[in-house]
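The values are calculated or read from the model by the stated rules, or taken from the named source; none is laboratory data. These numbers were taken from a predicted model, which means no experiment stands behind them. So basically every Cβ, Gly included, is an ideal-geometry build from the backbone, and we count neighbours across all protein chains shown. The protein model used for the area step is the full one, side chains on, heavy atoms only, and it has no ligands, DNA or RNA in it. Shrake-Rupley method; radii C 1.70, N 1.55, O 1.52, S 1.80 Å.
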Amino acid sequence: MGFWSSLGSAISSAFSGAVKIVSTAVKAVGSVVVETAKQFLEVGVEKLKQVVSVLESIAKTLGIIKPEEDTEELGDKAMKAEKKPEDFDSINEYIEYLRNEIKSSREELQKLPLEDRLARKAVGCGILAKAIEEKKSLEIPIEFWKEATKVGLNAKEIDEFLTKFKNAGIAPREFVRYLKRELDNKEESKMDSILIQAYKELEPNLNDKEIQEKVVRLQNNE
């Protein structure tokens, strides 16, 4: 039985226990990562599962972590380490330190209680989210990851959207507002244009009508 399946029967206690574990890890991983990890734990098991998958995929595409690495291993190493992100010039240098200097193993992690494993996944998510922000030179709120996965966007789509937002000078938080229909007509029209352009590159075989329908569905799925 996989981790997420095992978690299904013990959601409430596992999540509350994970929050406590993450809170006590502040000396090891730093306050910024701890607060980010706690926010990820607030999204619930299904959304967290989706977010973990998206973050790992984008991080691997960007070369932040290697194909065989994952959030749980990263979080475990961070919680064992003597140094934290603030001790490095960049979060990606910190990840390199964890990779080279701190040991973790799949066998070791599988023996831990669910709340301990969940805490490590959340810490790993916090680190990867910050690393992606650094690589993209964008401030990406936790709500962005939550809402983007909620409407069914995959890692490739989200990665392309973030690139387009960066190039257009649009903050990812504006996409959250777009999904919630909080933008004015001019802002929404600009966002529509950026998303249409992104889908033209993502799915060049689609015609204009099909692409427009995909964009319309994003708000309808919110």
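Details
- From the list Thr71, Thr24, Thr61, the lone residue that is more than 20 Å from Leu114 (Cα to Cα) and either among the polar types (S, T, N, Q) or in contact with a strand residue (DSSP E or B) (Cβ under 6 Å, 6 or more places away or on another chain) (or both) is Thr61.
- Evaluated against (1) closer than 22 Å to Gln219 by Cα; (2) surrounded by 19 or more Cβ atoms within 10 Å (Cβ to Cβ); (3) over 15 Å from the mean Cα position of the chain (by Cα), Phe161 falls short on exactly one condition, (3).
- Put simply, of Ile64, Ile11, Ile58 the only residue that is closer than 25 Å to Val151 by Cβ, touching a helix residue (DSSP H, G or I) at 6+ places or on another chain (Cβ under 6 Å) and at pLDDT below 95 is Ile11.
- Taking region 73-95 as the range and being among the acidic types (Asp, Glu), under 17 Å from Gly30 (Cα atoms), in contact with a Ser or Thr (Cβ under 9 Å, 6 or more places away or on another chain) and modelled with pLDDT of 95 or more as the test, only Asp76 passes.
- Subset tally (residues that are under 25 Å from Glu35 (Cβ atoms), in a helix (DSSP H, G or I) and of a type in the set (S, T, N, Q)) for region 135-173: 1
- Ile211 fulfils the conditions (1) within 18 Å of Glu147 (Cα to Cα); (2) open to solvent by less than 30 Å² (accessible area, probe 1.4 Å); (3) in a helix (DSSP H, G or I) except for a single criterion, (1).
- The single condition among (1) among the basic types (Lys, Arg); (2) open to solvent by less than 70 Å² (accessible area, probe 1.4 Å); (3) within 19 Å of Asn221 (Cα to Cα) that Lys180 does not meet is (2).
- Selection of region 185-206 for residues being open to solvent by 80 Å² or more (accessible area, probe 1.4 Å) and either outside any helix (DSSP H, G or I) or in contact (Cβ under 8 Å) with a residue 60 or more places away in the chain (or both) yields Pro204, Asn205.
- Matching residues in region 158-204 - criterion: being polar (S, T, N, Q) and under 24 Å from Ser57 (Cα atoms): Thr163, Asn167, Gln197
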